[in-house]
Amino acid sequence: MVYFEHTCTEGYGFDVSGQQRENRTKNDRSKKSMRIYFDIFIAFFRSSILSFGGGPVGIPLIEEEVVKKYHWMTLEEFGDLVAIANALPGPINTKLAGYIGWRIKGAAGMLLALVACVFPIVIVLILLLGFLTRFQDQRWVRGMTQAVLPVVGVLMAQLTWRFVTSAKKGMGWTLTLILIAASFILMELLHIQAPILIALTLLFVLLKPWKQRSKKEGASK
């Protein structure tokens, strides 16, 4: 019986071991793909559910997941993404989640990242809003959010230092410190909105190579 099966598979040109390897490869790819989807959801679920204070508070948490834990982006790429996202309208957490999800797994990854970023917070808000509203005057309720602020400040400071050291590698300490001082003066003293400042900086960086190219062409003529 074994001999009959062997001769039949040989006669029809079947390669059982090859088919098994192919099936195993497909299963491994499918498991790996599902694992990536799971990682996308968990990464943005964690960064979203722990973003007490909203907005910029979630940036270091997203950086922790995307750059340090899963290595989906480098710190320089994440810094560029944050700069561009800040120059565009809308909540920054959802912009970061949408782009990073799209970069990793296309449209499906984008939708999953957005769901993970928004849906858990909406559910928690529905469940807890009535409870917190009832006890909002209680000291322990106010302490829940106020106690988180120092921790968030440390996270923001760590991310700021990593951005500064990353900028120093490309521009040097002198230009980096000049830009930090100029940004502080423009935003804090002159009250220029951060998105406007970021957009002007990006525009300057984009136009600078074009100006240099024009000067070289004029000198060659």
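The values are calculated or read from the model by the stated rules, or taken from the named source; none is laboratory data. Given the structure is predicted, the values throughout are model-derived calculations rather than measurements. Neighbour counts are summed over all protein chains in view; Cβ atoms, including those assigned to glycine, are modelled from backbone coordinates with ideal geometry.
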Exercise for review: Kindly provide the set of residues from the stretch 154-180 that are in contact with a Gly (Cβ under 9 Å, 6 or more places away or on another chain) and at pLDDT 85 or above, ordered by number.
Suggested key: none
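Quick check on my filter: what residues within the stretch 108-144 are modelled with pLDDT of 90 or more and touching a Gly at 6+ places or on another chain (Cβ under 9 Å)? Steps first, answer last, please.
Restricting attention to the stretch 108-144, the residues satisfying the condition of being modelled with pLDDT of 90 or more are 108-116.
The answer is A108, G109, M110, L111, L112, A113, L114, A116.
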Review point. Given (1) at pLDDT below 90; (2) crowded, with 18+ Cβ neighbours inside 10 Å; (3) not aromatic (F, W, Y), where does I84 come up short, assuming only one miss?
Key: (2)
